[in-house]
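Here is the structure we will look at, set down as structure tokens.
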Amino acid sequence: SSDTKTTDYDAIVIGTGFGGIYSLYKLRNELGLSVRAFDKAGGVGGTWYWNRYPGALSDTESYVYRYSFDKELLQEWEWDTRYLQQPQILAYLGHVVERYDLARDIQFNTGITGILYDDASGRWTLKTDTGETFTARFVVTALGLLSRTNIPDIKGIETFAGDMVHTGAWPDQHDFSGKRVGVIGTGSTGIQVITAIRDEVDHLTVFQRSPQYCVPVGNGPVTPEYVDSVKSDYDQIWEHVRNSVVAFGFEESDVPAMSVSEEERQRVFEKNWNEGGGFRFMFATFSDIATDEEANKAAQDFIKGKIAEAVNDPETARKLMPTDYYAKRPLCGTDYYDTYNREHVELVALKENPIDEITPKGIRTADGVEHEIDVLILATGFDAVDGNYTKLDIRGRGGVTLNDHWNAGPTSFLGTTISQFPNLFMILGPNGPFTNLPPSIETQVEWISDLVKHVKDREGVTVEPTKDAEDGWTKTCQEIADMTLFPKADSWIFGANIPGKKNTVMFYMAGLAAYREQLAEVTDNGYRGFDIKTPAGADK
Ligand code: FAD
Ligand code: NA7
């Protein structure tokens with residue numbers, strides 16, 4: 001075409017959630033690069049743009065589910081509940097974009113389909129689903145780790161005549177009153193949507209595959225005095241968060257569960273149960289719930305006792321009892337198990353009574369019952385971590401495809417870079433930290449921005465990790481994961497939720513403090529593990 005729109009940039013950012021927004025800010029506002037950001041969404045927010053289902057909530061507490069880099073914003077921004085609902089997080093991210101005038105460099109409703117490296121020019125070419133082509137020296141992929149929706153391949157799903165919605169692609173409008181609603185999935189999302197709509201619907205049928213351990217979330221109002229005290233303490237709070245394991249703000253336990261008496265153990269579980277929060281229950285009670293079999297069993301038994309107490313019908317309680325380790329992403333909800341005491345709520349346990357097929361009218365299970373529903377909610381999760389990468393055409397040096405490079409499973413160096421893919425930086429790529437995410441996102445964006453700064457004024461210079469460095473990091477992540485119980489439970493953390501997906505380690509599970517040390521060590525040793533190449537091919 002003959003338009004004069006700029007198509008060549010110093011850097012291109014893909015995605016405008018927490019990661020993309022901050023990347024655009026760092027590279028454009030701080031480093032002064034020319035940057036264009038893209039999102040296939042119609043606005044900013046990422047997760048919080050797409051997940052508009054009733055009950056959508058961050059289960060990281062409000063005061064640490066935000067950026068820490070802008071101290072003034074930390075003082076200005078108000079909140080009045082312990083956790084933030086989706087509209088509040090979306091408003092917050094929208095404000096950050098406005099505050100830094102970022103929107104003028106974001107192109108919405110534009111999906112990137114190809115990210116192609118050109119060996120001759122040392123630059124990337126990006127293709128869009130709108131038929132445009134852009135080029136850039138640096139590319140930041142902030143595609144999201146829980147972003148690619150998983151639509152289950154259930155027989156007859158396309159024949160369903162009612163409304164069918166995935167929680168991660170939720171329409172703006174919904175009305176459940178007088179409706180018979182079915183929900184497939186009882187993960188974090190399923191639990192939120194079920195508890196939010198249970199009293200609004202005419203009839204609710206929950207199709208549960210794996211029963212889950214769920215503790216109370218403990219949401220509620222917080223006082224202005226509490227908010228003021230947080231604000232006056234923010235420097236220490238972030239210092240503490242960055243030096244912690246899961247970065248959720250609470251004090252992590254250093255006491256092994258079996259080192260105390262049975263009575264003390266129950267007291268600690270009870271106290272944290274009452275306080276609320278899934279990560280708190282797993283990491284603030286005792287130091288080894290996620291690593292020691294006996295400790296894990298104690299937590300399992302405590303939660304199972306609570307399920308038995310909460311659910312009136314013993315047969316329903318039996319169906320709700322988890323059978324595996326307490327080693328998935330820890331869940332929390334509002335009186336979740338009590339949901340099933342309601343007359344109009346029905347629980348179908350798919351492990352003993354699987355879905356035969358979806359029909360125009362509803363879902364028929366193996367026992368021959370056709371559960372009639374008007375609205376089918378798919379709370380079936382995401383093709384996590386690498387899901388948004390494997391669908392793209394990404395090619396590095398010599399045309400090597402990322403899918404070939406990841407043939408044995410997704411890998412990276414430090415969760416951010418890949419050998420043979422120069423000047424390409426991932427936010428929350430495979431084998432990044434498993435934490436409350438905004439502090440990890442900030443850590444990665446700041447580290448990447450420093451690395452870009454290190455080379456930006458040397459025209460044509462490229463940065464990529466060596467294969468050895470990438471292999472070493474993969475092995476490290478594997479070894480750390482093997483010290484935990486997480487690989488023993490099937491979940492998205494290891495890609496086990498997607499049929500046919502290779503079960504591999506996808507996180508660095510040693511925590512944020514250790515992760516930051518690893519990054520610092522690499523930087524302090526002259527970017528050890530990286531090849532910094534001049535156009536002529538000579539090193540450094
Ligand atoms: P995202 O917010 O996922 O943004 C990625 C963006 O990239 C999306 O807007 C997407 O449209 C865009 N994109 C992807 N591919 C392309 C492409 N090819 N072309 C153009 N655009 C593209 N984390 C926590 O720490 N605590 C919580 O309590 C918590 N709760 C959560 C609850 C839900 C329901 C979900 C789904 C996630 C939750 N998370 C939570 C994880 C959450 O995803 C992160 O905290 C954070 O929002 C991730 O930000 P991001 O920018 O990395 O990715
Ligand atoms: P999750 O945690 O992956 O949960 C998905 C749920 O859907 C889970 O109960 C699955 O059962 C179920 N599921 C998935 N596919 C099917 C099929 N084919 N049939 C029946 N049931 C199915 O996703 P969420 O959205 O809840 O949470 C993801 C993260 O996003 C969460 O940790 C937060 O950080 C936000 P399964 O357990 O696999 O047997």
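The values are calculated or read from the model by the stated rules, or taken from the named source; none is laboratory data. Note that the coordinates shown come from a computational prediction; the quantities given were computed from them, not determined experimentally. Here the Cβ is made from the backbone with ideal geometry for all residues, glycine too, and neighbour counts use every protein chain on show. SASA here: full protein model, heavy atoms, side chains in, ligands and nucleic acids out. Shrake-Rupley method; radii C 1.70, N 1.55, O 1.52, S 1.80 Å.
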Residue list for region 142-168, filter: open to solvent by 40 Å² or more (accessible area, probe 1.4 Å), more than 11 Å from ligand 2 (Cβ to nearest atom) and under 15 Å from the mean Cα position of the chain (by Cα): 148
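Can you tell me which residue is nearest to ligand 1 (Cβ to nearest atom) among those in region 487-499 that are within 16 Å of the chain's Cα centre (by Cα) and touching a residue at least 60 places away in the same chain (Cβ under 8 Å)? Quick ask: steps written out before the conclusion?
As a first pass, look at region 487-499 and keep what is within 16 Å of the chain's Cα centre (by Cα): 491-498.
This time we only want the ones that are touching a residue at least 60 places away in the same chain (Cβ under 8 Å), so: 491-493, 495, 497-498.
On the way: 491: 14, 492: 11, 493: 12, 495: 16, 497: 13, 498: 15 Å.
Per the criteria, the residue is 492.
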Condition broken by residue 496, with the remaining ones in (1) assigned to a loop (DSSP other than H, G, I, E, B); (2) modelled with pLDDT of 95 or more satisfied: (2)
Long-range neighbours under 6 Å by Cβ, at least six apart or interchain, first residue more than 27 Å from residue 487 (Cα to Cα) and at pLDDT 95 or above within region 306-328, second assigned to a helix (DSSP H, G or I) and open to solvent by 40 Å² or more (accessible area, probe 1.4 Å): 310/338; 312/341
Members of region 262-299 that are open to solvent by less than 60 Å² (accessible area, probe 1.4 Å), closer than 29 Å to residue 81 by Cα and in a helix (DSSP H, G or I): 268, 269, 272, 273, 278, 279, 280, 281, 282, 283, 299
Given (1) more than 16 Å from ligand 1 (Cβ to nearest atom); (2) closer than 27 Å to residue 500 by Cβ, number of the condition residue 338 does not satisfy: (2)
Among (1) open to solvent by 20 Å² or more (accessible area, probe 1.4 Å); (2) under 30 Å from residue 144 (Cα atoms) - the single one residue 323 does not satisfy: (2)
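Yes/no matrix, rows are residues, columns are (1) acidic (Asp, Glu); (2) in contact with a Cys (Cβ under 7 Å, 6 or more places away or on another chain); (3) part of a loop (DSSP other than H, G, I, E, B):
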residue	(1), (2), (3)
453	no, no, no
459	yes, no, yes
469	no, no, no
472	no, no, no
481	no, no, no
501	no, no, yes
505	no, yes, yes
510	no, no, yes
Residue in region 383-397 that is open to solvent by less than 20 Å² (accessible area, probe 1.4 Å), under 30 Å from residue 218 (Cβ atoms), within 15 Å of ligand 2 (Cβ to nearest atom) and within 30 Å of the chain's Cα centre (by Cα) present: yes
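If you check 340, 336, which single one turns out to be within 27 Å of the chain's Cα centre (by Cα), surrounded by 17 or more Cβ atoms within 10 Å (Cβ to Cβ) and not acidic (Asp, Glu)?
Values: 340 fails: within 27 Å of the chain's Cα centre (by Cα).
So the residue among 340, 336 that is within 27 Å of the chain's Cα centre (by Cα), surrounded by 17 or more Cβ atoms within 10 Å (Cβ to Cβ) and not acidic (Asp, Glu) is 336.
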Breaking point among (1) under 30 Å from residue 300 (Cα atoms); (2) in contact (Cβ under 8 Å) with a residue 40 or more places away in the chain; (3) hydroxyl-bearing (Ser, Thr, Tyr), for residue 389: (1)
Count of residues meeting criterion [surrounded by 12 or more Cβ atoms within 10 Å (Cβ to Cβ) and under 30 Å from residue 342 (Cβ atoms)] in region 219-238: 2
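Residue check: is residue 457 open to solvent by 20 Å² or more (accessible area, probe 1.4 Å), within 16 Å of ligand 2 (Cβ to nearest atom) and either modelled with pLDDT of 95 or more or of a type outside the set (Phe, Trp, Tyr) (or both)?
On the way: open to solvent by 20 Å² or more (accessible area, probe 1.4 Å): yes; within 16 Å of ligand 2 (Cβ to nearest atom): no; either modelled with pLDDT of 95 or more or of a type outside the set (Phe, Trp, Tyr) (or both): yes.
Criteria not met by residue 457.
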Condition check for residue 39: surrounded by 23 or more Cβ atoms within 10 Å (Cβ to Cβ), away from ligand 2 (no atom under 16 Å from the Cβ) and of a type in the set (Asp, Glu): yes
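Are there any helices (runs of 4 or more DSSP H) wholly within region 1-106 with 1 or more residues that are more than 11 Å from ligand 1 (Cβ to nearest atom) and closer than 30 Å to residue 232 by Cβ, and if so which?
Working: elements: 18-24, 47-50, 71-76, 86-99.
Hits in region 1-106: 71-76, 86-99.
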Test set (1) more than 30 Å from residue 453 (Cα to Cα); (2) open to solvent by less than 50 Å² (accessible area, probe 1.4 Å) - residue 93 fails condition number: (1)
Members of region 426-447 that are more than 10 Å from ligand 1 (Cβ to nearest atom) and surrounded by fewer than 24 Cβ atoms within 10 Å (Cβ to Cβ): 442, 443, 446, 447
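Of these, 77, 48, which one is touching a His at 6+ places or on another chain (Cβ under 9 Å), open to solvent by 10 Å² or more (accessible area, probe 1.4 Å) and closer than 27 Å to residue 279 by Cα? Steps first, answer last, please.
On the way: 48 fails: touching a His at 6+ places or on another chain (Cβ under 9 Å).
Only one candidate passes the filter, namely 77.
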Residue within region 196-218 that is farther than 23 Å from residue 340 by Cα, under 27 Å from the mean Cα position of the chain (by Cα), more than 9 Å from ligand 2 (Cβ to nearest atom) and modelled with pLDDT of 95 or more present: no
Test for residue 241: is it crowded, with 19+ Cβ neighbours inside 10 Å and out of contact with any strand residue (DSSP E or B) (no Cβ under 7 Å at 6 or more places or on another chain): yes
